[in-house]
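Read through the structure below, which is laid out as structure tokens, and then see the notes.
Computed from the coordinates by the stated procedures, all read-outs in this text should not be read as laboratory data. Since the structure is predicted, the reported quantities are computational estimates derived from the model, not experimental observations. Don't worry about glycine lacking a Cβ; one is built from the backbone with ideal geometry, like all the others, and counts go over all protein chains shown.
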Amino acid sequence: MVARYGYVPFMLIGLNGAGIALAAAGAPKYWLLAILTVAIATAFVVERVIPYDPEWNHDRADGSRDRIHVAVNETLILASVAAIPLLAAIVPAPQLWPHSWPFVAQVLAAILVADFGITVVHLASHKIGVLWRFHAVHHSITRFYGLNGLMKHPLHQTMEMAAGVAPLILIGLPVDVASVLALAVAIQLLLQHSNADYRIGPAKYVLALNEGHRFHHLKWAGVGDVNFGLFTLVWDHLLRTYSYDPARRFDSTQLGMAAKPDYPTSYLRQMVYPFTRGGGCTLPSSPMSNDNPETPTAAEPDLELGHRRGYRPTREST
């Protein structure tokens with residue numbers, strides 16, 4: 001009971017709150033890394049105490065690969081934070097940042113702006129072939145657990161973070177706020193892809209957590225083009241891309257890409273594959289990919305589609 005209802009508040013409020021307090025007090029940045037370590041350890045334990053699907057806790061020769069993804073992409077995030085002082089030298093209007101606001105308000109504002117930018121790139125990655133090539137790495141998963149959040153091609157990770165953070169840097173994002181934002185992103189990805197069967201009540205309609213994000217990872221063409229938000233589902237509600245069915249249960253047979261069941265599984269091959277002819281796979285929102293027009297897209301049975309409240313099929317990519 002404690003884990004089921006206390007896990008999300010502990011992560012979202014407790015650990016993020018600790019990060020905000022430490023950053024506001026000017027503590028060394030390595031304390032934020034310590035908090036991230038606690039978050040990863042907590043996620044590992046809770047996924048085994050209250051698993052949504054116990055099978056998803058079993059390594060499928062993907063654990064080492066996923067840890068490499070996490071190490072590489074988290075390093076990129078930290079490097080981008082470290083580069084902010086250099087970027088600040090060319091920012092045209094740093095005085096626009098609301099330095100007078102309480103520190104927690106500055107962090108929340110940064111999260112909202114970043115959420116919009118990342119959501120837009122995420123949605124575009126399901127529409128534009130060249131972006132989907134790199135985003136497909138993330139959709140090749142066959143189990144749903146915390147480390148999946150950073151299982152991304154580094155180029156796509158860079159594009160998403162640039163869209164989320166560049167507007168903030170242009171108005172003078174402070175390094176301390178950026179550091180907490182980086183922590184919040186990592187914690188959010190752990191929660192969003194968690195194999196924990198936690199409860200958050202009505203907040204599930206607003207916060208982009210695992211109960212809604214599982215729908216995004218459904219493997220059928222068009223069906224997974226929903227719930228794009230990183231932190232919130234606000235933009236999905238506004239863009240009519242929100243979907244949720246409380247009766248839906250998920251398992252590994254519904255994850256991955258139906259049109260590309262043989263997607264490479266090793267880290268190095270996943271890094272190279274987007275640059276190959278076959279790496280175009282099939283756009284999830286298109287019945288036929290422009291990158292690989294001979295590859296048909298597998299569709300979810302109509303029975304399943306009929307149960308998807310709020311689902312709106314997207315138009316064919318051009």
Figure the gain on full extension for THR75 and THR276 (residue separation times 0.36 nm, minus the Cα-Cα span) and round it to one decimal in nm.
69.8 nm
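Once the other residues with Cβ under 15 Å from the Cβ of ALA23 are scored (Lys, Arg +1; Asp, Glu -1), what is the net sum?
0
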If a/c stays under 1.5 just call it rounded; otherwise compare a/b with b/c (prolate if a/b is bigger, oblate if not). Do that for segment 1-69, with a ≥ b ≥ c from the square roots of the Cα gyration tensor eigenvalues.
oblate
Sorted by Cβ neighbour density within 10 Å, fewest at the top, the residues ARG248, ARG60, ARG214
ARG60, ARG248, ARG214
Label-point separation in nm, ALA61 to ASP251, each point 7 Å along Cα→Cβ:
2.2
What is the fewest-to-most order of ARG249, ARG269 by other Cβ atoms lying within 10 Å of their Cβ?
ARG249, ARG269
What net charge do the residues around ILE118 carry, taking every other residue with its C-beta under 12 Å from that of ILE118, with Lys and Arg at +1 and Asp and Glu at -1?
-1
When the convex hull of the Cα atoms of segment 38-139 is projected onto a plane and the area is averaged over all directions, what value comes out in nm²?
10.0
Connecting C-alpha atoms closer than 10 Å in a GNM of the chain, tell me which of GLY129, GLY14, GLY26 has the biggest fluctuation.
GLY26
Please report the relative contact order for the chain, taking Cα pairs under 8 Å with a sequence separation of at least 6, and give it as a percent rounded to a whole number.
23
Could you give log10 I(q)/I(0) at q = 0.09, 0.11, 0.14 Å⁻¹ for segment 2-305, computed by the Debye formula over C-alpha point scatterers of equal weight, without solvent?
-0.43, -0.65, -1.08
Check every DSSP H run in the chain and write down those whose alpha carbon atoms cover 30 angstrom or more along the long axis and whose mean Kyte-Doolittle hydropathy is 0.5 or greater.
103-125
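For segment 118-189, what does the relative contact order come out to in percent, with C-alpha contacts under 8 Å and a separation of six or more?
Value for segment 118-189: 34 percent.
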If each part is reduced to its alpha-carbon centroid, segment 106-127 and segment 31-59 end up apart, in Å, by 25
How large is the charge dipole for segment 2-305, taken about the Cα centre, if only the Cβ atoms of Lys, Arg (+1) and Asp, Glu (-1) carry charge, to the nearest 20 debye?
320
Could you tally up the Lys pairs in segment 2-305 with alpha carbons closer than 26 Å? Skip any pair fewer than 8 positions apart unless they're on separate chains.
10
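Most exposed first by the Cβ proxy, i.e. fewest other Cβ within 10 Å, how do ASP245, ASP59 rank? Before the final figure, lay out each step's value.
Numbers: ASP245 13, ASP59 9.
Final ranking by Cβ density, sparse to dense: ASP59, ASP245.
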